[in-house]
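The values are calculated or read from the model by the stated rules, or taken from the named source; none is laboratory data. For clarity, every value in this text was computed on a predicted model and none was experimentally measured. Positions of Cβ are backbone-derived with ideal geometry, glycine not excepted, and every protein chain shown enters the neighbour counts. Accessible surface is based on the protein model in full, side chains and every heavy atom, while ligands, DNA and RNA are left aside. Shrake-Rupley method; radii C 1.70, N 1.55, O 1.52, S 1.80 Å.
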Amino acid sequence: MSTANPPPPPPDQQVFAAVSAVADIQNYANHTAALHSMEAAMNTSDDSYTFFIQNFARIACSSHPTQTTAIYLLKNKLSSPPTLLNSSPPRPTTLSPSSHPEIKALILYCLSSPSPIVSNGASSLISTVTAQTKIFDIQSWPELLPLLITNVNSQDVTTKISAFKTIKNIAQDSPNILDAANLTPDRPLNTLIPAFINHFAHPEPKLKILALQSIMAYVELFPEALASSMNETMSGLSAIAADPNQAVRKRVCETIFTLFTHRSDYLQGQLPSICEFMISSASDSVRDISLVGTEFWLTFFDPTYDTIPRDFRDDIVKKQGVVERLLPGLLKNIVYCEEERENILERNKEDEALAAAGTVRQLEAPVHHKNKNDDDDDDEDEDAGFDDGEDQSWSLRKASAGTIDCIAQSVDPRALLSVLLPTLQSTLSSQDPWVLEASLLTLGAIAVGGCGQIMEVENLNDLYPFLISQLNSSLPQVVATAAWTLSRYCGWIVYMAESQPNGPQMLKSHIEVILQACNSPNTKVQNAAMTSFSNVVDMAGPLIQPLLPSIYQFLASALTLFGGKPLITLYDTLGILADSLGSAIGENGMANTWVPILMEKWRVLHEQSKAKECEGEDAQALIRQQLLPLLECIACSAVALGLNYQPFALVSLDRSIEAIDFNMLRVVTLRHTDDDRVTNDEEMDSDVIICCLDVIDGMVEGLGANFAGLLAASEKREQFLPMLQQSCLFDVGGVRMSGLAVLGDLCANSPATISPAFSELVKVIVQNLNSRRWSKVVNNALWSFGELCNQCIGKPQGLLPFQEKLLSAIIPLVLSGQVGIVENASTALGRLARVDNAGFGMGRVLLGKIDVWLQGVAMIADRTEKCQAMTGLLLTVRAFPDLLMSENTRISSVTAFMTCVSSFHVRVMEGDDFRPLEHEDLHHATYTFLDFPRDDEEFVNLFNMIGQITNSVVQGMSGGREEVAKCMRALPMNVRRLFREVYGVNA
């Protein structure tokens, strides 16, 4: 033990006896009694708490076996002090300031102990209390860092290890703190980084690993001390790259990978040698090392990873033959290892036994439901073939398959296929089903990009029958992977169905075989086959309409047989069918084959979730796994079925309103509790509200004007409008968005429904327009208000009382510059201007601001919204000509008007929505403007109005032709040509 400090004073004997009793876990009664006794004593006063902490520290410094228990108690009570019960209000106990020096000294005494147990315990204690307490943070403990730096350079290995552990943990928790200039005469890292690097070569593997972990903790922060030592760092890593210790080699690999991920700019000169090392690592016989090496290549070939110049990367790949050398190891690692096979076969037996007993495997991990208000464009099934099904964790197999996927997107496809296909031709004929399965997965992994296109043109005619035949394999994993691989090439299947004489029959046979695979008792096969079918549905769309009766007969049966993840995938598939085929899914009474089953499942889950809550049980898993995906499926189906959903609409409406009211009350109740589960439960309850609102919204869209009659027949009709108002003002953004979506669709489809609460709902919209908390809520409020305005054309009286509030809410949003909000606000303002056919009194408010509104209208892509926004704007200009013709702003306003008009002459394709104006449209020598769309009456009227306003502008310019010419000169050349040729403006 260090001799720098004198031995600690002896502990109080009563405290020592209590700690000894706590340490004696064999005598449980004494153990718990001692804990309770000490807790009760520490609660009484700050002095008592200080007394115990001091004695815990003294016992920790003794040589008695209880010292490890004392360190544990010291760590626990310093990081989480007991509550002082006789204080009002209760507060945590605090240490007496006079005790701080002794306690800190005793902890440092333990850190230098020759006993690994004691020094490691002290290291853990220091790491915890420096991060969690002000008294013991590094700034308040000037003796800590010098001792750590001294101990790092100690000759004693135990002392070194405890110091390294402490520094590593501090670095991981608070990396900035050790780079502060005021802690030591020099920045601590200026001393520590070289020490870390020097210890790469230490003979003790634990010290090597700790040194590597310490360097890794600073890679993202990348302080100057590390940046200036990169040559030494890389030399040190190179020296131990072939270390005999597996754990050291793994950490070397991880350190290089971390540097490559975060600081590749410092590695480009050494990248060729790094690639050599990582090729070797990826095929290492130690799977943990192989995984890190493979992850390096997954990042290296990732098309979105652009920190290395593509030409430089491609040059390395070519010169070092990376792909040719890497592929054999990747293909080998895709094959399940022996341990994985044993687990899979055991699980297969379990699935068979469950099927024989008439039960299904339930989800063992939650399916993370994503409600319709989420914008993430992630396809959860895209990498389903990389998913072992039996294990949700990341694995060498998944990393290897993902790397091949990225390689296929990043290198010359023919070069890759020239290496890969000869190997696959051999392995696809293997008698080993596990090798065959891995080969099928590889085929699917290369389906994206150029490789997939070549395969579709040159190979799939021959491969397709083989892939279909694998759906009859006796090994479920082969069947599941074959189904997934077929889904990756479903674009080719749809192309054949559209272009070949026997295409429709081929598509029919394909769907029949895929659905037949769903009959497997194996849940992985069920899920993969159903996913494959849903992908075909998504791409084929109307092509499968003739097959719908037989498809829905099968899916209705599957609804009663599937459970767990396959059932969730089936719900998604029903939603995709609804989105892809619309009203066709309800023809000839087809809805009666499957919707009643959904309704019954909803009824059961609805009652179960309420019962579990009433019994005090946690209904979260039930809701997350089953109810939310079912409700999303029902919402999509209600929209598509339209009037064919009427037999199920009343029970859906009543049940939705009941669930919304119940869960709103639960959220409010949860917010008044201190339960740790509140946040997750509140989120889950909010998701139920959102999904039920989506179901209502689906019925509003599907039933249209008939929704009013549905509501009139409901037992809960009196609750509906108050519930809608509460939803639109609920303190969860997603709920507000869905509530406003329902409100907007009611305005568009069933305006009579909102009439009784018109004024209250306008107030609700105004409140949301003024919300700065959620931009998506503001967007939905703008859209729903625009739909409300469309119902008020020629009837402005209901909105006049809110004129000032509406304009003061919407006009700042037009001026906000926020992409998305500007377009929606410009649309809403235009729709409001149409209400009285004269700009709704907004002209004077918009003086000097019309240019920004014009810019917003130019940005709108949707045909209907753009037309209505521009119509409203021109009605406002007609009522208030000074908006364009004010002498001070005339040139800029007129040029903004003409530029906005030109945005009606660019579209993706004839008849499509509009696209943004680009520099080439305005300035390129090639004239690209299209004719103004005049394919419906609204656009014809708008075109005529633009012509009238343009003539008025030209005639109203006080400077005559000279001013018109000046205005035209301010425009891009193609806009000038447009107005000369189409609108007759000559200057």
Could you look through region 876-885, keep only residues that are free of Cβ contacts under 8 Å to residues at least 60 places away in the same chain and open to solvent by less than 20 Å² (accessible area, probe 1.4 Å), and pick out the one that is nearest to PHE932 (Cα to Cα)?
THR876
Subset of region 742-754 (residues that are within 19 Å of ARG831 (Cα to Cα) and among the polar types (S, T, N, Q))
ASN749, SER750
On the basis of being farther than 28 Å from LEU147 by Cα, open to solvent by less than 30 Å² (accessible area, probe 1.4 Å), without any contact (Cβ under 8 Å) to a residue 60 or more places away in the chain and not basic (Lys, Arg), does ALA34 make the cut?
yes
Return a yes/no flag: does region 764-776 have any residue that is more than 22 Å from ALA861 (Cβ to Cβ), open to solvent by 60 Å² or more (accessible area, probe 1.4 Å), β-branched (Val, Ile, Thr) and over 27 Å from the mean Cα position of the chain (by Cα).
no
Going by the structure shown, is ASP265 open to solvent by 20 Å² or more (accessible area, probe 1.4 Å), under 22 Å from GLY449 (Cβ atoms) and part of a helix (DSSP H, G or I)?
no
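To keep it simple, each residue is scored yes or no on (1) of a type in the set (Lys, Arg); (2) in contact with a helix residue (DSSP H, G or I) (Cβ under 9 Å, 6 or more places away or on another chain); (3) open to solvent by 10 Å² or more (accessible area, probe 1.4 Å).
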site: ASN502; (1), (2), (3): no, yes, yes
site: LEU515; (1), (2), (3): no, yes, yes
site: ALA529; (1), (2), (3): no, yes, no
site: LEU559; (1), (2), (3): no, yes, no
site: LYS565; (1), (2), (3): yes, yes, yes
site: LEU570; (1), (2), (3): no, yes, no
site: THR573; (1), (2), (3): no, yes, no
If we take region 1-111, then helices (runs of 4 or more DSSP H) inside it with 3 or more residues that are within 22 Å of SER124 (Cα to Cα) and of a type in the set (A, V, I, L, M) are 13-23, 46-60, 67-79, 100-111
Got a sec? Which of PHE296, PHE312 is at pLDDT 95 or above and aromatic (Phe, Trp, Tyr)?
PHE296
Scanning region 222-262 for residues that are open to solvent by less than 30 Å² (accessible area, probe 1.4 Å) and without any contact (Cβ under 8 Å) to a residue 40 or more places away in the chain gives LEU226, ALA227, SER229, MET230, THR233, MET234, GLY236, LEU237, ALA241, ASP243
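Kindly indicate the residue of region 938-975 that is of a type in the set (D, E, K, R) and open to solvent by 70 Å² or more (accessible area, probe 1.4 Å) and also farthest from GLN868 (Cα to Cα) among those meeting that condition.
GLU962
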Which count do you get for residues in region 907-937 that are farther than 15 Å from ILE860 by Cβ and open to solvent by less than 70 Å² (accessible area, probe 1.4 Å)?
9
With respect to LYS160, is the statement that it is open to solvent by 10 Å² or more (accessible area, probe 1.4 Å) and outside any helix (DSSP H, G or I) true?
no
Might you check whether a residue that is open to solvent by 20 Å² or more (accessible area, probe 1.4 Å) and at pLDDT 85 or above occurs anywhere in region 175-189?
no
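Select, from SER755, SER808, SER750, SER759, the only residue that is of a type in the set (S, T, N, Q), over 18 Å from VAL877 (Cα atoms) and surrounded by 16 or more Cβ atoms within 10 Å (Cβ to Cβ).
Matching residue, one of SER755, SER808, SER750, SER759: SER750.
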Kindly indicate the residue of region 113-155 that is within 40 Å of the chain's Cα centre (by Cα) and not in a helix (DSSP H, G or I) and also surrounded by the fewest Cβ atoms within 10 Å (Cβ to Cβ) among those meeting that condition.
LYS134
Answer yes or no as to whether VAL525 is touching a residue at least 40 places away in the same chain (Cβ under 8 Å), surrounded by fewer than 23 Cβ atoms within 10 Å (Cβ to Cβ) and either closer than 30 Å to VAL323 by Cβ or out of contact with any Ser or Thr (no Cβ under 8 Å at 6 or more places or on another chain) (or both).
no
Just for helices (runs of 4 or more DSSP H) wholly inside region 690-754: which have at least 3 residues that are within 24 Å of GLY582 (Cβ to Cβ)?
707-713, 733-749
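Considering each of VAL700, VAL688, VAL735 in turn, give the residue that is in contact with a Leu (Cβ under 6 Å, 6 or more places away or on another chain) and of a type in the set (A, V, I, L, M).
Values: VAL688 fails: in contact with a Leu (Cβ under 6 Å, 6 or more places away or on another chain); VAL735 fails: in contact with a Leu (Cβ under 6 Å, 6 or more places away or on another chain).
Criteria check complete, one pass: VAL700.
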Please work out if ALA833 is in contact with a strand residue (DSSP E or B) (Cβ under 7 Å, 6 or more places away or on another chain) and aliphatic (A, V, I, L, M).
no
Go through region 205-251 and give me each residue that's polar (S, T, N, Q) and over 33 Å from the mean Cα position of the chain (by Cα).
SER228, SER229, ASN231, THR233, SER235, SER238, ASN245, GLN246
Here's a check for you: in region 402-460, which residue that is among the charged types (D, E, K, R) and open to solvent by less than 40 Å² (accessible area, probe 1.4 Å) is farthest from VAL479 (Cα to Cα)?
ASP405
With the requirement that a residue be touching a residue at least 40 places away in the same chain (Cβ under 8 Å) and within 23 Å of THR94 (Cβ to Cβ), what does region 10-21 give you?
PRO11, ASP12, VAL15, VAL19
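What are the residues in region 476-496 that are closer than 27 Å to ASN343 by Cβ and either touching a strand residue (DSSP E or B) at 6+ places or on another chain (Cβ under 8 Å) or open to solvent by less than 20 Å² (accessible area, probe 1.4 Å) (or both), if any?
GLN477, VAL478, VAL479, ALA480, THR481, ALA482, ALA483, TRP484, THR485, LEU486, SER487
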